[in-house]
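Okay, so here's the structure we're looking at.
Read the figures in this text as sums done on the coordinates, not as results from a lab. Since we're looking at a predicted model, the values are computed, not measured. So basically every Cβ, Gly included, is an ideal-geometry build from the backbone, and we count neighbours across all protein chains shown.
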Amino acid sequence: MTDKATETINTAPAAEPAGEPVKETSSAVKPPKKQIDPHAMLTVSTSPHIKSPVTTRSIMIDVLIALAFPCIWGIYIFGPRALSLLLISVICSVGFEALYQLLLKKPVTVTDCSAAVTGLLLGMNLPATAPLWIPIVGSFFAIVIVKQLYGGIGKNFMNPALASRAFLMLAWPAAMTASPKPYTTSSALAMSVDSVDIVASATPMQLLKTGTIPDDGIANMLFGAKAGTIGEVATLLLIGGGIYLLVRRVITWHIPVSYIATVALISYLFPQNTAERVEFVVCEIICGGLMLGAIFMATDYATTPVTENGRLLFGVGCGAITMFIRYFGGYNEGVTFAILIMNTLVWYIDQLTKPKRFGGVPSNGK
């Protein structure tokens, strides 16, 4: 044991090794990097968990843009009365939807532009000589009867504009089938057009019904110088609108392509004019309301299948029924009734084409 008095404590710093510089230490200590916990960024909430900037309003605005140029061309071909019919149809559709929702004390949703799209499509399916009260009645039927009574947008099982057109065709066939010649104008504000003032013209579909190739020429039929409804005459502009919707991913190619391809195949295999097989096929495609129906109305979200295979099947069915009505039906055009018939089969198509769940067990346990 050592004596405490004799103990010495050496507090002098140790000498640095020779040849090595003395390192200076900073008094400020760098803070450690902040570690981000990935679990802290997880937000738990109810569905939907994947959000998108796409809304009903943005989709409907894209559809209105795609329809704008065909409408302008229809006004150019048929004059100011076409503009009057289009405006009345759109205004009445928006007005009936707002009035219905106000009366039933529901949220007013006209700002989503879906009623405007319905009204515009209905107006485009009217001949330019239709009485001005026709779009009023048609708008009421489309918005109130077909759309709102079933719960509003997304809950109707038929396309409202097409259902309204079918109703108008059955109720007032003369007013809905009188087609004026291109570049012949009627009074824009007269409630109805006198039959003596209508310069009637056989539509290309009426000629094709008899197996006769229209003498308008392919170019005129493509650019819209032909008889027909306000919106169906501008074939190239309708195709352009369809391309715009495809680029904007508003629609997919499945229904329009399968619809038009089925019409082309049937008309090629079973032409009503065997001497002009190819020309007959082209006329069946670009005449009438095929482009307007296949691109803008058969692709309606609420009334078409949700699966890709279902959409292909839907388009094939529309094309087959269209050609059956064109060949054997009492009407020259079959697009309206073909799409409506397929609308009623959408639930069955979805059930047939829905994908199987991976690892799913049937309800019966087998």
Mean 1/r over distinct Cα pairs of the range 272-336, inverted to a Kirkwood Rh in Å, yields 12.9 Å
If the label point sits 7 Å along Cα→Cβ of Thr252, residues of the range 296-324 with amide N under 20 Å come out as 296-320
Proxy exposure order for Tyr244, Tyr268 (fewest C-beta within 10 Å first) is Tyr268, Tyr244
For the range 125-174, the Cα gyration tensor yields equivalent-ellipsoid semi-axes (√(5λ), largest first, whole Å) of 21, 10, 8
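Tell me, Met323, Met169 in order of fewest to most beta-carbon neighbours within 10 Å?
The fewest-first ordering by Cβ neighbours comes to Met169, Met323.
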Cβ-Cβ cut-off under 13 Å around Ser58, Lys and Arg +1, Asp and Glu -1: the net charge is +1
Length gained if Gln101 through Arg57 is fully extended, taking 0.36 nm per residue and subtracting the Cα-Cα distance, is 14.1 nm
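Once the piece of chain linking Val306 and Phe324 is laid out straight, how much longer is it, given 0.36 nm per residue of separation minus the C-alpha distance between them? List each step's numbers first, then the result.
On the way: separation 18, 0.36 × 18 = 6.48 nm, distance 2.57 nm.
Extending this stretch completely gives an extra 3.9 nm.
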Residue separation between Thr344 and Trp172 times 0.36 nm, minus their alpha-carbon distance, gives in nm 59.5 nm
Rounded to one decimal in Å, the inverse mean reciprocal Cα-Cα distance for the range 77-236, i.e. its Kirkwood radius, is 16.4 Å
Output for the range 298-362: trypsin sites (Lys or Arg not before Pro) sitting in coil per DSSP, at most 13 other Cβ within 10 Å, listed by number, reads Lys356, Arg357
Check: in the range 56-351 the Lys pairs 8 or more apart or on separate chains whose Cα atoms fall under 28 Å apart number 8
Long-range share for the range 56-351, i.e. C-alpha pairs more than 25 Å apart as a percent of all pairs, stands at 44 percent
Per the 1/(1 + (r/R0)^6) rule, R0 = 41 Å and r from the Cβ atoms of Thr210 and Ile239, FRET efficiency to 0.05 is 0.95
A correct fewest-to-most ranking of Lys209, Lys226 by other Cβ atoms within 10 Å would be Lys209, Lys226
In whole angstrom, largest first, the equivalent ellipsoid semi-axes that the Cα gyration tensor gives for the range 230-366 are 30, 18, 13
